[in-house]
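Just below is one structure, and these are the notes that go with it.
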Amino acid sequence: MAAPGRKATSAQEATSAVHSSIRDYYSARALRHGATPLGVDWTCVPTQELRFVQLLKVITPAASVSVNDIGCGYGAMAGFIHRRLRATAIDYLGIDLAPEMIALARKKNRRPSVCFELGTAAPRQADYSVASGIFNVRLYHSQEVWEAAVAHSLADMARTSRLGFAVNFLAPCPDGPLELYRPSPAFWINYCRNELGLQAQLLDNYGMREFTLLVRTSLR
């Protein structure tokens with residue numbers, strides 16, 4: 001039986017390998033497609049923004065809110081959230097592990113209340129966190145390794161979100177490409193409940209084969 005310390009090290013190594021492969025994958029997408037939906041593996045702006053609409057449902061209207069955007073890509077959410085929540089002062093921080101994405105995001109978004117940082121997790125606590133599509137492309141990683149990395153990310157989002165966070169996943173599809181991750185909604189709803197001690201609201205009726213989870217960390 002492996003020692004507990006070795007298990008922890010193995011999990012860290014696996015997560016690091018996942019981050020490295022995803023960084024390389026999206027760096028290549030950014031170089032090929034630039035600041036476009038194709039650069040982050042979406043087909044078009046309307047469907048990309050439809051996903052943003054679902055994610056932002058986690059936010060309770062207020063005079064001002066802070067938001068961490070995990071896996072922000074070229075910063076498409078930054079402009080959208082300001083248009084969508086016009087009556088709210090937004091303190092936005094986008095985090096991405098691909099340097100090419102951060103460079104595109106900084107060039108595209110120049111609002112004083114918008115910042116971008118290179119990393120795999122938020123360096124600050126905010127009112128809310130969102131993550132759009134960051135769990136979809138698992139490449140060559142096993143399901144076990146991929147789900148360990150997803151769990152790590154969700155735990156980070158719970159820790160750094162004062163009021164709530166939202167994430168989306170591709171829905172199950174028996175004949176879908178093997179490199180895509182398509183979990184049952186129940187799997188991550190149960191993880192939020194049993195491991196994070198939080199309740200997740202399921203959104204799955206917005207016309208695409210995917211689902212969004214809204215997780216509130218505070219009742220406020």
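What to note about this one:
- Of all residues in segment 99-121, those satisfying the criterion of being among the charged types (D, E, K, R) and part of a loop (DSSP other than H, G, I, E, B) are Arg110, Arg111.
- The residues of segment 111-158 that are surrounded by 19 or more Cβ atoms within 10 Å (Cβ to Cβ), over 23 Å from Leu178 (Cβ atoms) and not aliphatic (A, V, I, L, M), listed by number, are Phe116, Thr120, Asp127, Tyr128, Ser129.
- Considering segment 79-98, the residues that are assigned to a helix (DSSP H, G or I) and out of contact with any helix residue (DSSP H, G or I) (no Cβ under 7 Å at 6 or more places or on another chain) include one that is surrounded by the most Cβ atoms within 10 Å (Cβ to Cβ), namely His82.
- Restricting attention to segment 41-73, the residues that are among the aliphatic types (A, V, I, L, M), within 19 Å of Phe211 (Cβ to Cβ), buried (at least 18 other Cβ atoms within 10 Å of the Cβ) and in contact with a helix residue (DSSP H, G or I) (Cβ under 9 Å, 6 or more places away or on another chain) total 4.
- Residue match in segment 193-210 (condition: over 18 Å from the mean Cα position of the chain (by Cα) and of a type in the set (A, V, I, L, M, F, W, C)): no
- Filtered residue count, segment 156-194, keeping only those that are part of a loop (DSSP other than H, G, I, E, B) and touching a Pro at 6+ places or on another chain (Cβ under 8 Å): 5
- The selection criterion, being closer than 28 Å to Ile102 by Cα, at pLDDT 95 or above and among the hydroxyl-bearing types (Ser, Thr, Tyr), does not hold for Tyr140.
- Pairs meeting the criteria (first residue in segment 17-34 and more than 12 Å from Asp96 (Cβ to Cβ) and touching a residue at least 24 places away in the same chain (Cβ under 8 Å), second residue assigned to a helix (DSSP H, G or I) and not aromatic (Phe, Trp, Tyr), beta carbons under 7 Å, at least 6 apart or on different chains) are Val18/Val145; Val18/Ala149; Leu31/Glu100; Gly34/Leu104.
- Which listed residue is closer than 24 Å to Leu202 by Cβ, without any contact (Cβ under 8 Å) to a residue 60 or more places away in the chain and part of a loop (DSSP other than H, G, I, E, B), from Pro46, Pro61: Pro61
- Within segment 122-142, at least one residue is farther than 21 Å from Leu56 by Cβ and either of a type in the set (Phe, Trp, Tyr) or in a helix (DSSP H, G or I) (or both).
- For segment 162-208, filtering for residues that are within 26 Å of Thr60 (Cα to Cα) and in contact with a Cys (Cβ under 9 Å, 6 or more places away or on another chain) leaves 3.
The values are calculated or read from the model by the stated rules, or taken from the named source; none is laboratory data. If you're wondering where the values come from, they're calculated on a predicted model, not measured in any experiment. Ideal geometry is used to build each Cβ from the backbone, glycine not excepted, and the neighbour counts take in all protein chains shown.
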